[in-house]
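Worksheet: one structure, shown below.
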Amino acid sequence: MNNPLRMLIIAIAITSMALTPVLLIQNANAATHYCSDQTKKSSAWIQGCKDGWYDHDHCYSYTGGSGEYGKGYSVGWDKGRCK
């Protein structure tokens, strides 16, 4: 009875390790698409959005900036999450 439980725990651990990179890649792709799909925004806003999302995903400190870039950075930062 103890052996099947160990096998289940090992299987869950292996599965979660295998899926982690897939989830990280999907989040990076989501940032690119979400920010780029904002067609009424300036290129500075779009770049700020991508940078903010990337920085928050990689647990960097908030460095928003000003103007359109800063506004986009703030939106991207809100979408990202430190892991």
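The values are calculated or read from the model by the stated rules, or taken from the named source; none is laboratory data. Given the structure is predicted, the values throughout are model-derived calculations rather than measurements. Neighbour counts are summed over all protein chains in view; Cβ atoms, including those assigned to glycine, are modelled from backbone coordinates with ideal geometry. Calculation scope for accessible area: heavy atoms of the full protein, side chains included, ligands and nucleic acids excluded. Shrake-Rupley method; radii C 1.70, N 1.55, O 1.52, S 1.80 Å.
Computed quantities for the displayed model
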item	result
Number of the exception - T63 against (1) without any contact (Cβ under 8 Å) to a residue 12 or more places away in the chain; (2) in contact with an Asp or Glu (Cβ under 6 Å, 6 or more places away or on another chain)	(2)
Those residues of segment 31-70 which are of a type in the set (S, T, Y) and open to solvent by less than 90 Å² (accessible area, probe 1.4 Å), in sequence order	T32, Y34, S36, S42, S61, T63, Y69
Test: Y73 is at pLDDT 85 or above and either open to solvent by 80 Å² or more (accessible area, probe 1.4 Å) or assigned to a loop (DSSP other than H, G, I, E, B) (or both)	no
